[in-house]
Amino acid sequence: MSNKVDAFVVAVDGPSASGKSTVSREAAKALQVMYVDSGAMYRGLTWKAVREGVDVKNAQAVIDMMGGVNWEIFVEDLILRFTIDGDDPTDHLRSEPVRERVADIAVIPEVRQFMVDRLRETATFGSLVMEGRDIGSVVFPDAAFKYYLDADPEERARRRHLELLETEGKGNVDEVLNSLARRDKIDSTRATAPLQIPLGAVVINTTAMSIEDVVQRIVADVNGR
Ligand code: DC
């Protein structure tokens, strides 16, 4: 899996707004290993589809587009980054058109296989914390450390709403709750690699926990083993 003898993988899975992004980023920093946001790759492809006017419900059109795309994957300041056909999509990954379409892109088995292959290759860079939906179950089923973060839907909607207020200056809690429920449904009922608790994962319900507490829990666990 990795070319480094003592390299290790920390897999963090869970639904949207369960706290996994912030927790994974902070845990990677504390452990001084690379951070990989696998959702960003699915979002990147979605951004490309939106930009090219490709209908994400048309799986064949998405697959055709994906075949012609040039990905450059690299590490910068211990964060995995990428460009698509030379463009850095980072600033667009959380935009509304991408947010509303990404779950449809992520149901396409060929897209998932492509992403799983790319994500596995990242382990050649060394130890890492990777967050997503299928990291401990499909991408790295043999990961030494697996966590599944969850939180009550209302708390997740509250967090996502706060985020939207910060990034877009607007947002409606009920709409956020509905949008999260829609994505959860697509993510957990899709045929290929649905969101699930990976075998052997430590489940952490973050509803009443601070980010620092969750990070501490993971870092202490990794350092202690
Ligand atoms: O974690 P996120 O919100 O950035 O994920 C965006 C979408 O991509 C979400 O609908 C789930 C999907 N995804 C996935 O299916 N598998 C992953 N490993 C990561 C994300």
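The values are calculated or read from the model by the stated rules, or taken from the named source; none is laboratory data. Computed from a predicted model, the values in this text were never measured in an experiment. Neighbour counts are summed over all protein chains in view; Cβ atoms, including those assigned to glycine, are modelled from backbone coordinates with ideal geometry. With ligands, DNA and RNA removed, areas are computed over all heavy atoms of the protein, side chains included. Shrake-Rupley method; radii C 1.70, N 1.55, O 1.52, S 1.80 Å.
Numerical summary
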{"read-out": "Per-selection Kirkwood Rh - the range 148-189 (Cα, Å, 1 d.p.)", "value": "10.7 Å"}
{"read-out": "Estimated FRET transfer efficiency when R0 is 25 angstrom, pair residue 173-residue 213 (beta carbons, to 0.05)", "value": "0.55"}
{"read-out": "Cα convex hull volume per residue for the range 62-176 (Å³)", "value": "141 Å³"}
{"read-out": "Nearby lysines by direct alpha-carbon distance to residue 29 (threshold 20 angstrom, same-chain neighbours under 8 apart not counted)", "value": "4, 20, 146"}
{"read-out": "Rounded to the nearest 10 Å², the accessible area of residue 197 at probe 1.4 Å", "value": "90 Å²"}
{"read-out": "Long-range Cα-Cα pairs in the chain (distance over 23 Å), rounded percent", "value": "46 percent"}
{"read-out": "Rough spin-label spacing in nm, given labels placed 7 Å along Cα→Cβ, for residue 76 and residue 124", "value": "2.1 nm"}
{"read-out": "Mean shadow area of the range 38-103 over all directions, Cα convex hull, nm²", "value": "4.3 nm²"}
{"read-out": "Mean accessible surface per residue for the chain, computed with a 1.4 Å probe while every protein chain stays in place, in Å²", "value": "48 Å²"}
{"read-out": "Stokes-Einstein D (µm²/s) once Rh is taken as the Kirkwood radius of the range 133-225 over alpha-carbon pairs, at 4 °C in 1.567 mPa s", "value": "87 µm²/s"}
{"read-out": "Listed residues 174, 184 arranged by accessible area, highest first, probe 1.4 Å", "value": "174, 184"}
{"read-out": "Sites residue 95 and residue 220, calculated FRET efficiency, Cβ-Cβ separation with R0 30 Å, nearest 0.05", "value": "0.25"}
